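For reference, the structure discussed in these notes is given below.
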């Protein structure tokens, strides 16, 4: 059985994330979408709320039932979680310009903790999608269709407007 972890803060989840999760679900028997907090960032929407939104957002693409959503306990790391669930594959989404810098540094830091990890990268085809763009759209206007999963669009708007 092949298993992969797709970690992220999903602050909020957007269609680029959904694209990666869907593509990974076609490659792996199980995909764990791991909702986490980056210690260098502040999250106005709590981890458990983001996790619930991600769970709902992936429902339409989870026809095979092989996508699981979990959250990373505060203070824990993705490499430690990977050991805990006996998984050596980390899935990451990239925009082509990111691989040489951010993603390689992240991979190095993960490998210091768990040297058995492998990294599989999916290129995001919608280069204009990002959580930052979604948060800005929420702050300044109403979210347009196509930025976030439609089945959670109103929840995302409500949660992120409440805290902005």
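The values are calculated or read from the model by the stated rules, or taken from the named source; none is laboratory data. Since we're looking at a predicted model, the values are computed, not measured. For neighbour counting, all protein chains shown are included, and Cβ atoms are generated from backbone atoms with ideal geometry for every residue, glycine included.
Quick notes
- Screening the range 136-151 for residues that are in a helix (DSSP H, G or I) and without any contact (Cβ under 8 Å) to a residue 24 or more places away in the chain and picking the one that is surrounded by the fewest Cβ atoms within 10 Å (Cβ to Cβ) gives 140.
- All positions within the range 26-38 that are buried (at least 18 other Cβ atoms within 10 Å of the Cβ) and either in contact with a helix residue (DSSP H, G or I) (Cβ under 7 Å, 6 or more places away or on another chain) or closer than 15 Å to residue 92 by Cβ (or both): 28, 31, 32, 33, 34, 35, 36, 37
- Some residue of the range 83-97 being assigned to a loop (DSSP other than H, G, I, E, B), touching a strand residue (DSSP E or B) at 6+ places or on another chain (Cβ under 9 Å) and modelled with pLDDT under 95: yes
- Those residues of the range 98-134 which are in contact with a helix residue (DSSP H, G or I) (Cβ under 6 Å, 6 or more places away or on another chain) and modelled with pLDDT of 80 or more, in sequence order: 110, 113, 114, 117, 119, 122
For (1) in contact (Cβ under 8 Å) with a residue 40 or more places away in the chain; (2) under 12 Å from the mean Cα position of the chain (by Cα); (3) under 18 Å from residue 116 (Cα atoms); (4) surrounded by 19 or more Cβ atoms within 10 Å (Cβ to Cβ), each residue gets a yes or a no:
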{"position": "43", "(1), (2), (3), (4)": "no, no, no, no"}
{"position": "52", "(1), (2), (3), (4)": "no, no, no, no"}
{"position": "56", "(1), (2), (3), (4)": "yes, no, no, no"}
{"position": "61", "(1), (2), (3), (4)": "yes, no, no, no"}
{"position": "65", "(1), (2), (3), (4)": "no, no, no, no"}
{"position": "75", "(1), (2), (3), (4)": "no, no, no, no"}
{"position": "81", "(1), (2), (3), (4)": "yes, no, yes, yes"}
{"position": "90", "(1), (2), (3), (4)": "yes, yes, yes, yes"}
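Let's see how each residue does on (1) part of a strand (DSSP E or B); (2) more than 16 Å from residue 73 (Cα to Cα); (3) at pLDDT below 95:
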{"position": "7", "(1), (2), (3)": "yes, no, no"}
{"position": "16", "(1), (2), (3)": "no, yes, yes"}
{"position": "22", "(1), (2), (3)": "no, yes, no"}
{"position": "26", "(1), (2), (3)": "no, yes, no"}
{"position": "33", "(1), (2), (3)": "yes, no, no"}
{"position": "39", "(1), (2), (3)": "no, no, yes"}
{"position": "44", "(1), (2), (3)": "no, yes, yes"}
{"position": "48", "(1), (2), (3)": "no, no, no"}
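- Considering the conditions (1) surrounded by 17 or more Cβ atoms within 10 Å (Cβ to Cβ); (2) without any contact (Cβ under 8 Å) to a residue 60 or more places away in the chain, residue 116 is excluded by exactly one of them, (1).
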